[in-house]
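Chemist: One structure, as structure tokens, below. Some questions next.
Just so it is clear, none of the values below were taken in a lab; they were calculated from the coordinates. Keep in mind the model is a prediction, meaning the values are calculated, not measured. A quick note on method: Cβ atoms are made from the backbone with ideal geometry, for glycine too, and the neighbour counts reach across all protein chains shown.
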Amino acid sequence: MALKIIDHGSKEYSQMLQLRKDILRKPLGLDFDPEELEKEKDEILIGAFEEEKMLGCCMLIKYDTKTIRLRQMAVLNNLQGKGIGRALMQFAENIARDLGFRRITMHARKSAIGFYEKLGYSVTGEEFIEVTIPHFNMEKSL
């Protein structure tokens with residue numbers, strides 16, 4: 001498996017959009033807002049690949065000088081639990097550290113809290129609704 005930063009607008013980015021749509025949006029009856037996608041030009045887009053096929057993805061958004069935010073973490077349904085998400089997270093954390101960030105935050109789906117806790121993340125607030133489902137703020141010091 002290869003982990004890499006991908007370019008906005010590339011063939012890999014198209015795969016990323018499809019994966020995120022299939023895993024994160026379609027099950028909720030949602031789609032992407034074109035304005036939301038336009039902002040992704042400035043974000044760090046990360047993909048996990050087996051040859052040309054995207055297995056998983058996530059992105060990092062600079063929040064402030066010390067904090068970066070993880071968004072849109074997705075792994076193909078039939079490959080969840082096989083270490084792809086863990087590898088993506090470690091890769092994202094290393095990129096964040098290399099860029100000088102000291103903390104990663106995220107809005108984690110309630111169903112994914114256990115996954116992130118195993119990686120050292122902590123819940124930092126009350127439950128809230130985002131994209132129609134329960135989420136929690138989580139963070140980790142780098």
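Chemist: Find how many whole Å separate the alpha carbon centroid of segment 43-71 from the alpha carbon centroid of segment 95-124.
Modeler: Here the answer is 13 Å between Cα centres.
Chemist: Would you mind ranking Ile129, Ile104, Ile6 by Cβ crowding within 10 Å, fewest neighbours first?
Modeler: Arranged by neighbour count, lowest to highest, Ile129, Ile104, Ile6 become Ile129, Ile6, Ile104.
Chemist: Something else now. When the expected Rg is taken as 2.2 N^0.38 Å, what fraction or multiple of it is the alpha-carbon Rg of segment 4-58?
Modeler: Expressed relative to 2.2 N^0.38 Å, the Cα Rg reads 1.10.
Chemist: So, one more: For the ranges 79-91, 45-57, what's the packing order if you count other beta-carbon atoms within 10 Å of each residue, average per peptide, and put the highest first? Display every interim value, and only then the final one.
Modeler: Working: 79-91: 16.5, 45-57: 18.4.
With the highest mean Cβ count within 10 Å placed first, the list reads 45-57, 79-91.
Chemist: Rank Phe32, Ser122, Phe136 by how far each Cα sits towards the positive end of the charge dipole of the chain (+1 on Lys, Arg Cβ; -1 on Asp, Glu Cβ) and give me just the farthest.
Modeler: Sorting the options by dipole projection puts first Ser122.
Chemist: A further question follows. Any chance you could list P(r) for segment 23-93, counting all Cα-Cα pairs in 10 angstrom bins from zero, rounded to whole %?
Modeler: Pair shares across the bins are 18, 46, 33, 4.
Chemist: Here is a further query. In which sequence would Val131, Val123 go, from the one with the fewest C-beta neighbours within 10 Å to the one with the most?
Modeler: Least to most surrounded, the residues fall as Val131, Val123.
Chemist: Run through the DSSP bridge list for the chain and note the antiparallel percent, rounded to the nearest 5.
Modeler: Numbers: 30 of 34 bridges.
Taking every DSSP beta bridge with both residues in the chain, the antiparallel ones total about 90 percent.
Chemist: Quick one: dipole size for segment 1-128, taken about the Cα centre, charges +1 on Lys/Arg Cβ and -1 on Asp/Glu Cβ, in debye to the nearest 20.
Modeler: Details: 21 positive and 20 negative charges, 88 e Å.
Approximately 420 debye in magnitude.
Chemist: Please compute, for the alpha-carbon atoms of the chain, the extent along each of the three principal axes and give them in descending order in Å.
Modeler: 36, 35, 33
Chemist: What does the C-alpha gyration tensor say about the overall shape of segment 58-135? Classify as rounded when a/c is under 1.5, otherwise prolate if a/b is larger than b/c, or oblate.
Modeler: Here segment 58-135 falls in the oblate category.
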